[in-house]
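Here the structure is laid out as structure tokens; the discussion comes afterwards.
The values are calculated or read from the model by the stated rules, or taken from the named source; none is laboratory data. Because the structure is predicted, anything quoted here is derived from the model rather than measured. FYI the Cβ positions are ideal-geometry reconstructions off the backbone, even for glycines, and counts take in every protein chain you see. Calculation scope for accessible area: heavy atoms of the full protein, side chains included, ligands and nucleic acids excluded. Shrake-Rupley method; radii C 1.70, N 1.55, O 1.52, S 1.80 Å.
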Amino acid sequence: MIVHAVDDVSLHVEEKEIVGLVGESGCGKSTFGKTLVGLHDKTAGEVIFRGERLPRAYKPSDFRRYATSIQMIFQDPYSSLNPRMTVGEIVGEGLRLHSALTSSQIDEAVAQWLRDVGLEPDHMSRYPHEFSGGQRQRIGVARALIMKPEFVVCDEPISALDVSVQAQVITLLDDLKTSLGLTLLFIAHDLSMVRYVSDRMAVMYLGSLVEIGVTDDVFFNPKHPYTELLISSNPEPDPDSERTRPSIAIKGEIPSAVNVKPGCRFAGRCPKVMEVCGVRTPQLRNVQDETSQRLVACHLYE
Ligand code: SF4
């Protein structure tokens with residue numbers, strides 16, 4: 001049995017750019033993010049970071065080597081923090097392992113980062129269970145960013161939070177993006193959040209990328225039938241426009257990633273399906289000009 005969780009995905013992220021990766025739950029977004037940071041071994045393909053090819057399977061020394069440059073903010077702020085460690089130990093752990101700073105310098109850095117993410121320095125002596133979901137996610141953000149990474153994978157950092165807290169964490173990331181010049185891969189299934197934070201967005205369906213482009217272009221003029229449906233099913237914040245806008249639901253379930261058949265993976269759910277779609281797998285190609293690339297994998301544009 002072969003599970004193609006992520007297959008033939010090629011994506012580049014420029015320095016100081018935020019790329020949003022969207023798609024339905026189970027489409028392979030998190031697997032892709034974890035593969036980039038070495039939490040999943042690659043069975044094929046490569047990850048190139050600043051011109052250097054990263055190992056196919058990370059050894060403990062590789063994690064040590066790349067910990068200062070590549071970090072991840074995890075989806076679940078409840079399971080991603082060690083309940084036996086204090087907040088000070090959690091946030092300062094990376095510096096303790098990977099820097100030559102003294103304990104008091106580390107404590108100073110932790111206190112400053114707690115302030116930066118909207119917590120108090122005296123929270124250092126407390127344990128994760130004493131905090132709300134939103135505060136825990138802030139601790140996760142501080143833990144990742146205290147290392148001053150060059151690249152951060154944010155794996156659905158707000159999906160486990162209440163809506164009001166989601167906005168706070170997004171505002172925090174947006175502020176830090178501007179002040180620190182962060183380079184991020186922002187994985188989410190909430191399109192509104194991706195639209196708010198990302199410069200470009202990539203749409204994934206069943207482990208493959210189907211569309212990549214400048215975020216607003218993709219939002220206002222989606223090309224791939226799956227992107228169209230995904231955006232049309234995303235609620236508008238303005239109740240008046242929400243009432244009047246046409247909304248088309250995506251029918252059916254995302255198919256199994258086991259033994260994926262040839263042809264377009266979206267063929268079984270696509271309202272524009274053609275004969276060729278069940279036979280040939282569409283490849284990503286630019287459907288605009290060189291200045292504003294829009295990559296789309298669909299036979300409609302061949
Ligand atoms: Fe639909 Fe065919 Fe395009 Fe796939 S290739 S999205 S089935 S039109």
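At-a-glance table
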| quantity | calculated |
| --- | --- |
| Of all accessible heavy-atom area on the chain, the percent that carbon and sulfur account for (1.4 Å) | 51 percent |
| The chain - Rg (one decimal) and Dmax (whole number), Cα, Å | 20.4, 67 |
| Among 290, 130, 120, residue whose mean-square fluctuation peaks in a GNM of the chain (springs only between Cα atoms under 10 Å) | 290 |
| Average Cα contact separation per residue, the chain, under 8 Å, 6 or more apart, as relative contact order % | 23 percent |
| Rounded Å value of the spacing that divides the Cα centres of the range 137-213 and the range 1-71 | 15 Å |
| Of 222, 271, 121, the one that fluctuates the most in a GNM where the chain has Cα springs shorter than 10 Å | 271 |
| Selection from 48, 112, 193 lying farthest towards where the dipole of the range 18-219 points positive, charges on Cβ | 48 |
| Per-residue [θ]222 nm for the chain (sum of -39500 (n - 2.57) over DSSP H runs n ≥ 4, rounded to 500) | -9500 deg cm²/dmol |
| Whole-number accessible area per residue in Å² for the chain, which is evaluated in the context of all protein chains at 1.4 Å | 51 Å² |
